[in-house]
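Novice: Have a look at this one.
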Amino acid sequence: MLASRTTALMLALALTAPAYARAQAPTPPAAVVQIDPASALDSRVGDTDPSVLKMFADAGMGTPTPHVLTDAERQSLARAFTVLPPVHQRVLRERLRRISFLDGMPNTALTSTVESAATPMFDLTIRAGVLHESVSEFLTNKERTCFDFSGSTRTVVVEAGTLEAIVYVLLHEATHMVDGALGLTPTSDTRPEANARLLTTDVWTDRLTMASAYANPLLTALAYRRGGRPVPVADAPTVYAALQRTPFASLYGSSNWHDDVAELLAWHHLTSRMGQPYRLVVREGDTDVLVYEPMTSPLVQSRLRLLTPLYEASTAAAAR
């Protein structure tokens, strides 16, 4: 997984809808990568690595500009760090080198791996506008990129409460870091004690290919995937009906196994641990044509027991 970051970034930047992209920064000398685990996570705000800016430019997406956090924005970031699961906080304390914010990013967030001699470490770059959106606003806008609303009065809404969007973004991105640290998805060096493959076994056959039981051309043709196109919003109920026949927590989670795991954990934490709502709604005027709550799906719920170790101290220790 970590070796394919640059490819993943270029793919993600070519799409119109991705909430995040991942990339691998050039490997610096081991002595350069130094992290004080005792330092506050919000104290690690700094300048974006030049290699990340170059990736945006090389992809033809222009050069986003640095964003200096206001006091209020820094407080929002600090609050979001405090609600992460214990394992996430442990991994970030030990492996998050830097977090930076940019204006004009073509995507929402970029988790970059910086390889040290011993363990992978990470930089996180986030579109600054996220700090001024609620999770419902952010996800509704993102979800709508999957649909073509031309000539239709129908719309799609993600009802996920009033939390700040940065909470969701950090949950999702931090799960990618936990994935890199503990091997939640299969890699050549997956650690067996993390039971990593259980999250993908019988769900995926490889990073991009769903198991045959869940494969559906409507999902594999979504704009979240390379070559995908927006679907007429008239067909939105059919798209969500296809999602209901899978163990994925969201349409975005159906795009690849890394985002499947990140979405599953993020939505489990938001709904079960933080008591937030999560409903996918297709609406015609004032009438709800379809309402689907993915985290109540038996197929989704059957996977949640596999997340339990991420809330246990023993797993936190394994991140060391």
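The values are calculated or read from the model by the stated rules, or taken from the named source; none is laboratory data. No experiment lies behind these values; they were computed from the predicted model shown. Methodologically, a virtual Cβ is constructed for each residue, glycine included, from the backbone with ideal geometry; neighbour enumeration extends over all protein chains shown. Calculation scope for accessible area: heavy atoms of the full protein, side chains included, ligands and nucleic acids excluded. Shrake-Rupley method; radii C 1.70, N 1.55, O 1.52, S 1.80 Å.
Novice: Restricting the search to the stretch 129-156, which residues are crowded, with 21+ Cβ neighbours inside 10 Å and under 20 Å from Phe81 (Cα atoms)?
Specialist: Result: Val130, Leu131, Val135, Ser136, Phe138, Leu139.
Novice: Out of curiosity, is Pro120 open to solvent by 10 Å² or more (accessible area, probe 1.4 Å) and either touching a Cys at 6+ places or on another chain (Cβ under 8 Å) or under 28 Å from Trp204 (Cα atoms) (or both)?
Specialist: Criteria met by Pro120.
Novice: Given the conditions (1) within 24 Å of Val52 (Cα to Cα); (2) assigned to a helix (DSSP H, G or I); (3) under 13 Å from the mean Cα position of the chain (by Cα), which single one is not true for Leu131?
Specialist: Tallying (1) within 24 Å of Val52 (Cα to Cα); (2) assigned to a helix (DSSP H, G or I); (3) under 13 Å from the mean Cα position of the chain (by Cα), Leu131 fails exactly one: (3).
Novice: List pairs: first residue in the stretch 279-303 and among the small types (Gly, Ala, Ser), second residue assigned to a strand (DSSP E or B) and open to solvent by less than 50 Å² (accessible area, probe 1.4 Å) anywhere in the structure, Cβ distance under 6 angstrom, at least six positions apart or on different chains.
Specialist: Nothing qualifies.
Novice: May I ask you to say which residue of Val167, Val178 is buried (at least 19 other Cβ atoms within 10 Å of the Cβ), modelled with pLDDT of 95 or more and among the β-branched types (Val, Ile, Thr)?
Specialist: Just a single option satisfies the conditions, and that option is Val167.
Novice: So for the stretch 195-210 (the condition being at pLDDT below 95, under 20 Å from Gly180 (Cβ atoms) and of a type in the set (Asp, Glu)), does at least one residue qualify?
Specialist: Yes, because at least one residue in the stretch 195-210 is at pLDDT below 95, under 20 Å from Gly180 (Cβ atoms) and of a type in the set (Asp, Glu).
Novice: Looking only at residues that are open to solvent by 50 Å² or more (accessible area, probe 1.4 Å) and assigned to a strand (DSSP E or B) in the stretch 91-117, which one is nearest to Asp36 (Cα to Cα)? Quick ask: steps written out before the conclusion?
Specialist: Of the residues in the stretch 91-117, the ones open to solvent by 50 Å² or more (accessible area, probe 1.4 Å) are 93, 98, 103-104, 106, 117.
So of that shortlist, the ones also assigned to a strand (DSSP E or B) come out as 98, 103.
On the way: Arg98: 11, Asp103: 28 Å.
By that ranking, first place goes to Arg98.
Novice: Quick one: in the stretch 42-90, of everything that is out of contact with any strand residue (DSSP E or B) (no Cβ under 9 Å at 6 or more places or on another chain), open to solvent by less than 20 Å² (accessible area, probe 1.4 Å) and not in a loop (DSSP other than H, G, I, E, B), which residue is farthest from Leu184 (Cα to Cα)?
Specialist: Phe81
Novice: Would you confirm, using the coordinates I've provided, whether Val282 is touching a Phe, Trp or Tyr at 6+ places or on another chain (Cβ under 8 Å), aliphatic (A, V, I, L, M) and over 24 Å from Asp179 (Cα atoms)?
Specialist: Details: touching a Phe, Trp or Tyr at 6+ places or on another chain (Cβ under 8 Å): yes; aliphatic (A, V, I, L, M): yes; over 24 Å from Asp179 (Cα atoms): yes.
Yes.
Novice: Residues of the stretch 266-302 being aromatic (Phe, Trp, Tyr) and in contact with a strand residue (DSSP E or B) (Cβ under 9 Å, 6 or more places away or on another chain), which ones? Spell out how you get there, then give the answer.
Specialist: Within the stretch 266-302, the first condition is being aromatic (Phe, Trp, Tyr), and the residues that meet it are 267, 278, 292.
Residues satisfying the conditions are Tyr278, Tyr292.
Novice: Select from the stretch 273-315 the residues that are assigned to a strand (DSSP E or B) and not aliphatic (A, V, I, L, M) and write down the one among them that is least open to solvent (accessible area, probe 1.4 Å). Reasoning before the result, please.
Specialist: First, pick out the residues of the stretch 273-315 that are assigned to a strand (DSSP E or B): 279-284, 287-292.
Within this subset, residues satisfying the condition of being not aliphatic (A, V, I, L, M) are 279, 283-284, 287-288, 292.
Working: Arg279: 76, Arg283: 54, Glu284: 63, Thr287: 85, Asp288: 76, Tyr292: 16 Å².
That would be Tyr292.
Novice: So if I check each of Asn216, Asn256, which one is modelled with pLDDT of 95 or more, under 29 Å from Leu96 (Cα atoms) and surrounded by fewer than 23 Cβ atoms within 10 Å (Cβ to Cβ)?
Specialist: Values: Asn216 fails: under 29 Å from Leu96 (Cα atoms).
From the options Asn216, Asn256, the qualifying one is Asn256.
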